[in-house]
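Here is the structure we will look at, set down as structure tokens.
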Amino acid sequence: QVQLVESGGGLVQAGGSLRLACTTSRSISYFYTMRWYRQAPGKQRELVASHSLSGSTDYADSVKGRFTISRDNAKNTVNLQMNTLNPDDTAVYYCNTDDTFAVYWGQGTQVTVSS
């Protein structure tokens, strides 16, 4: 059973930064794509950023230029560096990946940005 554990959420003022981390229970190199999603109250879960084994990354338009996703194979971790945060970034952030057997989600970490 694959487990994803997120950390790094919290409360920050607008304009501030946070760094989220997601650690996998097996070698992160096993997973071709690692993703971060977020879900704000009353809204659908949306894809924020993705990182493939090839090194390619993709971002939602709303976070381009502010967020950076990276993978640390030695620590089995995928990180999301979030800069210039604004209240619209307030949400629960989830780590996600998949293989041929299943789709895996972390438990989520709350990010709250105050104005």
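A few remarks follow.
- Length-normalised contact order for the chain - Cα pairs under 8 Å, 6+ apart - percent: 37 percent
- Of the trypsin sites (Lys or Arg not before Pro) in the stretch 1-40, the ones in a loop by DSSP (not H, G, I, E or B) with at most 13 other beta carbons within 10 Å are ARG26.
- Summed side-chain charge close to ARG26 - residues other than ARG26 whose Cβ falls under 15 Å, Lys, Arg +1, Asp, Glu -1: -1
- Whole-Å semi-axes of the ellipsoid equivalent to the chain (Cα gyration tensor, √5λ, descending): 23, 14, 13
- Using θ = phi - 60° in the Karplus curve 6.51 cos²θ - 1.76 cosθ + 1.60, the 3J(HN,Hα) couplings for the stretch 77-86 round to 10, 10, 10, 10, 8, 10, 10, 6, 5, 9 Hz; x is entered for Gly and Pro.
- Close amide H partners of GLY108, meaning residues 5 or more places away or on another chain with modelled amide H under 5 Å apart, are GLU6, CYS95.
- Nonlocal amide H pairs with ASN86, under 5 Å, H built at 1.01 Å: GLY15
Only the coordinates and a few stated rules stand behind these numbers; no lab work does. Note that the structure is predicted; figures quoted are calculated from it, not measured. Ideal geometry is used to build each Cβ from the backbone, glycine not excepted, and the neighbour counts take in all protein chains shown.
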